[in-house]
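Have a look at the structure below, then the notes.
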């Protein structure tokens, strides 16, 4: 009986090693094969949001490096983040797109006023039912989502000053 248990244990160990080796080879092949990783595309959820002028923005169709700011107008740190993004937009407007996503039932009149006061010249959209916010698991404001069609999305939570944001853009988004 002991010999049978020992024999079964050895067989199970051998099978486990074989399965582990095969899985390791598959993972290694995917990670080291440039044809697979360079062609990978990442998409934003298939949602359409309206900007303040009622223009429809289809998120799935965004095909360039983009910063999405999830924000609320009553938050001081969100207001400061909008100011930083305005200067970033002035510097990098030919290299990336910025999209401010207001969360909840917000007044378009109030958002237009903020856009005018802060000289915002990038689109502001309203995620009224927080569908996008939930799909992207945004839990804190402000949150910046760095999106590139050929890279995984990256979240930056909390206020980021211009210098810190530029460093991240150059390192992760504009390469």
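Brief remarks on what is shown
- Between 137, 93, the distinction of being exposed (fewer than 15 other Cβ atoms within 10 Å of the Cβ), under 13 Å from the mean Cα position of the chain (by Cα) and under 21 Å from residue 173 (Cα atoms) belongs to 137 only.
- Residue list for region 104-147, restricted to those being free of Cβ contacts under 8 Å to residues at least 12 places away in the same chain and more than 21 Å from residue 159 (Cβ to Cβ): 107, 109, 113, 116, 129, 134
- Region 1-53, residues that are modelled with pLDDT of 85 or more, within 30 Å of residue 69 (Cα to Cα) and surrounded by 10 or more Cβ atoms within 10 Å (Cβ to Cβ): 44, 45, 46, 47, 48, 49, 50, 51, 52
- Taken over region 67-87, the criterion of being in contact (Cβ under 8 Å) with a residue 40 or more places away in the chain and either surrounded by fewer than 20 Cβ atoms within 10 Å (Cβ to Cβ) or not assigned by TED's automatic domain parsing to the domain that holds residue 122 (or both) is satisfied by 72, 73, 75, 77, 80, 87.
- Here is the figure for region 148-161: residues that are at negative phi, touching a residue at least 40 places away in the same chain (Cβ under 8 Å) and surrounded by fewer than 14 Cβ atoms within 10 Å (Cβ to Cβ) total 3.
The values are calculated or read from the model by the stated rules, or taken from the named source; none is laboratory data. A quick note: this is a predicted structure, and the numbers were derived from the prediction, not measured. Cβ sites come from the backbone with ideal geometry, for glycine too, and all protein chains shown count toward neighbours.
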